[in-house]
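The values are calculated or read from the model by the stated rules, or taken from the named source; none is laboratory data. All values reported here derive from a predicted model rather than from experimental measurement. Please note: Cβ atoms are built from the backbone with ideal geometry, for glycine as well, and neighbour counts cover all protein chains shown.
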Amino acid sequence: MTTAILAAKRGLIDFHRAARELISWRVLVPLALLALAWVAPQAGRIMVDTIAEAYLQVSVFVAGTLVLIYGIERLFRFNLADMLQAHPRTQVPVAAFLGALPGCGGAIVVVTQYVNGQVGFGALIAVLTATMGDAAFLLLSQEPTTALIVFTLGLVVGSIAGWLVEALHGPDFMRRQTLADGDEAERRARIGRRPRQTTRLNPLWIALMAPGLVFALPIAAQVDPNQWFGPLAAYEPVTWLGFAGGVLALLMWSAYLTTEPGQISHAPCKTANPNDQTSTPPTLRSRVINDTNFVTVWVIAAFLLFELGVHFTGADVGSWFSGWLVMTPLIAVLIGFLPGCGPQIIVTGLYLTGAIPMAALLGNAISNDGDALFPAIALAPRAAIVATLYTGIPALIVAYATFFLMH
């Protein structure tokens, strides 16, 4: 009888755990958008156009960039962690270079090695200063020249900041001792959002992405591919293709769960330990799909926040910010202190719509640490806080220097 009661309790606990996994707050996002479209049909049309724009002007280019980056990583299979440890004098510039790469993968490699005690605090400052996180993909797809300027500035400022910190405090400032189980720290920094049975949708995702890339190229050249369809142009087939792709990305994202607070999913496969039986490195295809969906959702959020905000308030957002223009760089830098890439993508989206100036974008790009801050907070919280505050100093200097030069 006792055994039966214990088994029943275990079954009830498992049921509750499964229910919590199935009912994620993320599911509320598409439901909320659907409800808004039902209540306000005009807002519904805005959402269709905005989601299609986010997908065709950003997501397809993000996917292409990720295929290139992850493909090169798989092809050459070089171990950046070993290189950083073997060449301590080059840690700072190499860390800044890895941070300047689009996305959070390079930054997470450096943060993981700092947590393991393999690199110094200067390298941590360099990589966190240089990284723009996933917001870099949005900027790269819309304004590649500006993105190149931001990446170069991040590399230079990150290197200088890292060297200055090492000169001020020494290379061993806040250095952690190598963990007894370094693989465990690496695993904890790497494991993150895992898909629940969304792999069956991958072929559909690819089927929408392939023609989306074909149509995105003329759209980038200010050509409307809807006109290619003759009599069907009035039905806007390309727009609806983009909307379908954006909605699919949103639905697939809503099926992902965070297994533990502070975990992330953008770490590159090269950090995987083949002896670690607790997790399996994701395939190239799944990495591209997962990370593209993540960026797509936040890009959609940024675009909808702007477009629906203007629609419902009738406000001229650009003129509203102009009244607080001198404060926008400071606000953008403070937003950069928030962990994760979502808020930073919103800031980049506001810049692309003309709502905030270039100075604010630069301040946010330097101060934000992207998803790389999560493993640092989880495993070295004191160092993470100090490093974040340190990145705010060059961010404010660059932001306000740019602001006063351009105004």
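Residue pairs whose Cβ atoms lie under 8 Å apart, sitting 6 or more positions apart in sequence or on different chains, and linking a residue in the range 321-335 that is basic (Lys, Arg) to a partner that is surrounded by fewer than 14 Cβ atoms within 10 Å (Cβ to Cβ) and at pLDDT 90 or above, do not occur here. Residues that are surrounded by fewer than 14 Cβ atoms within 10 Å (Cβ to Cβ) and farther than 18 Å from residue 248 by Cβ were ranked within the range 29-47; the one that is modelled with the highest pLDDT is 45. Residues of the range 364-407 that are more than 17 Å from the chain's Cα centre (by Cα) and over 23 Å from residue 166 (Cα atoms): 378, 399, 400, 401, 402, 403, 404, 405, 406, 407.
Scanning the range 93-138 for residues that are touching a residue at least 60 places away in the same chain (Cβ under 8 Å), of a type in the set (S, T, N, Q) and assigned to a helix (DSSP H, G or I) turns up 112, 129.
Selection within the range 217-255: residues that are closer than 11 Å to residue 52 by Cα and among the hydrophobic types (A, V, I, L, M, F, W, C). The member of this set that is surrounded by the fewest Cβ atoms within 10 Å (Cβ to Cβ) is 240.
Give me the residue from the range 119-169 that is among the hydroxyl-bearing types (Ser, Thr, Tyr) and over 17 Å from residue 347 (Cβ atoms) and, out of that set, surrounded by the most Cβ atoms within 10 Å (Cβ to Cβ).
Filtering the range 119-169 for residues among the hydroxyl-bearing types (Ser, Thr, Tyr) gives 129, 131, 141, 145-146, 152, 159.
Checking the rest, the ones that are also over 17 Å from residue 347 (Cβ atoms) come to 145, 152, 159.
Working: 145: 7, 152: 12, 159: 23.
Filtering the range 119-169 for residues that are among the hydroxyl-bearing types (Ser, Thr, Tyr) and over 17 Å from residue 347 (Cβ atoms), the one surrounded by the most Cβ atoms within 10 Å (Cβ to Cβ) comes out as 159.
The set of residues in the range 1-28 that are within 31 Å of the chain's Cα centre (by Cα), modelled with pLDDT under 55, hydrophobic (A, V, I, L, M, F, W, C) and in a helix (DSSP H, G or I) comprises 18, 19, 22.
Can you find a residue that is among the charged types (D, E, K, R) and surrounded by fewer than 20 Cβ atoms within 10 Å (Cβ to Cβ) anywhere in the range 300-323? If you could, list the steps in order and put the result at the bottom.
Start the filter on the range 300-323 by keeping residues that are among the charged types (D, E, K, R), which leaves 307, 316.
If we keep only those that are surrounded by fewer than 20 Cβ atoms within 10 Å (Cβ to Cβ) as well, we get 307, 316.
Looking for residues that are among the charged types (D, E, K, R) and surrounded by fewer than 20 Cβ atoms within 10 Å (Cβ to Cβ), one finds at least one in the range 300-323, hence yes.
When 253, 240 are checked against the criterion of being touching a Phe, Trp or Tyr at 6+ places or on another chain (Cβ under 7 Å), touching a residue at least 12 places away in the same chain (Cβ under 8 Å) and of a type outside the set (A, V, I, L, M), 253 stands alone in meeting it.
Okay, residues lined up against (1) modelled with pLDDT under 90; (2) in contact with a Leu (Cβ under 9 Å, 6 or more places away or on another chain):
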{"site": "219", "(1), (2)": "yes, yes"}
{"site": "228", "(1), (2)": "no, no"}
{"site": "237", "(1), (2)": "no, no"}
{"site": "242", "(1), (2)": "no, yes"}
{"site": "245", "(1), (2)": "no, yes"}
{"site": "255", "(1), (2)": "yes, yes"}
{"site": "259", "(1), (2)": "yes, no"}
{"site": "266", "(1), (2)": "yes, no"}
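Scan the range 152-167 residue by residue and report those that are among the aliphatic types (A, V, I, L, M) and closer than 15 Å to residue 110 by Cα. 155, the sole residue that qualifies. Scanning the range 59-76 for residues that are farther than 16 Å from residue 205 by Cβ and either without any contact (Cβ under 8 Å) to a residue 60 or more places away in the chain or in contact with a Phe, Trp or Tyr (Cβ under 7 Å, 6 or more places away or on another chain) (or both) returns 65, 68, 69, 72, 75, 76.
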